[in-house]
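The values are calculated or read from the model by the stated rules, or taken from the named source; none is laboratory data. Not measured: the values here are computed from a predicted model. Cβ: placed from backbone, ideal geometry, glycine included. Neighbour counts: every protein chain shown. Side chains included, ligands, DNA and RNA excluded: accessible areas come from the protein's heavy atoms. Shrake-Rupley method; radii C 1.70, N 1.55, O 1.52, S 1.80 Å.
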Amino acid sequence: MMIEQRLIPDGSTGLNLTAFSPFTTTSTKPTAIQEDLYRRMQETLIRDNPKFKLPEILDIKIKNNPEDGKPYDKDGKYQKPTVIVTFSDGTIEKASASEEDTFSVEQGISICYTKKLLSMLTTDSGSKVYNKMIHNAMKLYESKQEEATNKEKEDRLAKERAERLAAKRAMRKAKLEAKKREQEISIQAEAYARALRMVNQDESK
């Protein structure tokens with residue numbers, strides 16, 4: 001089924017190709033270059049996106065369901081709850097929860113469906129691609145968390161250094177002001193003593 005779209009997006013319903021355009025213009029009328037670009041992009045989208053049929057689920061099973069009340073085997077080993085989804089083409093995808101996870105059938109089905117879609121989009125198994133994607137995403141998340149923690153630590157240390165420096169400057173300023181006051185007092189005392197001597201000398205004449 002071919003999807004009909006407007007050649008030049010104008011805010012109406014349909015695929016908006018404006019966001020893909022590397023050209024900008026202040027005019028509402030597209031340039032010849034933009035028209036050619038839109039046309040080529042539309043042709044590419046129609047050619048590369050044939051009718052896509054979503055995979056249909058044939059059966060859903062739950063292995064080691066926590067509701068059965070038997071999370072451990074006779075040897076004390078944890079039995080991972082697992083959602084097993086069988087699709088209409090015969091492929092099977094699984095999603096297991098570890099002991100630290102909160103088991104969810106809906107989430108398990110979602111993971112299985114994601115794995116199935118990934119297997120349809122790649123030449124590798126859906127589970128392998130999915131696990132790799134999650135692993136890389138978690139590495140990125142942990143890296144960002146570490147960066148945030150390090151930045152927070154650096155900001156805290158910088159603030160502490162600034163506070164120590166400000167305290168030293170304040171102490172130095174206070175010492176200078178105290179010394180200045182002592183000098184002023186000394187000068188005033190010397191002036192008073194000199195004036196007193198002059199008065200005494202005048203009285204002795």
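Worth a mention:
- Potential lengthening between Glu160 and Asp68 on full extension [0.36 nm per residue; Cα-Cα distance subtracted]: 27.6 nm
- Within the accessible area of the stretch 90-194 (1.4 Å probe), percent carbon and sulfur: 55
- Span from the the stretch 119-145 Cα centroid across to the the stretch 56-92 one, whole angstrom: 22
- Projected label distance in nm at Ile187 and Glu142, using a 7 Å step from Cα toward the beta-carbon: 6.8
- With the cut-off at under 20 Å, measuring from each backbone N in the stretch 95-119 to a point 7 Å along the Cα-to-Cβ line of Lys61 picks out 95-98, 104-116.
- Each peptide in 108-114, 127-133 gets a packing score, the mean of other Cβ atoms within 10 Å over its residues, and the list from highest to lowest is 108-114, 127-133.
- Where labels lie 7 Å past Cα in the beta-carbon direction, separation of Thr86 and Leu54 in nm: 2.2
- Taken per residue, the accessible surface of the stretch 78-205 reaches 80 Å², heavy atoms only and a 1.4 Å probe.
- For the listed residue pairs Lys61/Lys115; Lys53/Lys139; Lys53/Lys132; Lys77/Lys116, the alpha carbons are over 23 angstrom apart in Lys53/Lys139; Lys53/Lys132; Lys77/Lys116.
- Taking amide H as placed 1.01 Å from N in the peptide plane, the amide H of Leu58 sits under 5 Å from that of Thr86, Phe87, Ser88, each at least 5 places away or on another chain.
- Long-range amide H partners of Gln79 with built H, under 5 Å: Tyr72, Asp73
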